[in-house]
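Heads up: the structure comes next, in structure tokens.
Taken together, the values in this text are just the output of simple stated rules run on the coordinates, not laboratory data. Computed from a prediction, not measured in an experiment: that's the story for all the values here. Heads up, the Cβs are rebuilt from the backbone with ideal geometry, glycines too, and the neighbour counts pull from every protein chain shown.
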């Protein structure tokens with residue numbers, strides 16, 4: 001199981017978010033990351049943990065989708 005730290009993260013496209021924690025789907029038990037946009041109206045979002053922590057191709061390189069930057 002992958003652990004995710006609460007705190008501030010930067011999306012590979014530049015926006016910043018605050019990870020509030022993780023949650024499980026009530027029927028599948030799939031783990032999701034719960035995070036808040038640090039821009040605009042501060043909307044809450046969820047994304048599968050596996051997707052949140054994966055690497056994506058950007059600018060010809062593999063980079064983390066979300067990079068931890070601080071607590």
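See the values below:
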{"read-out": "Spans of strands (runs of 3 or more DSSP E) in the chain with at least 2 residues touching a helix residue (DSSP H, G or I) at 6+ places or on another chain (Cβ under 7 Å)", "value": "31-37"}
{"read-out": "Test: residue 59 is surrounded by fewer than 12 Cβ atoms within 10 Å (Cβ to Cβ) and out of contact with any strand residue (DSSP E or B) (no Cβ under 7 Å at 6 or more places or on another chain)", "value": "yes"}
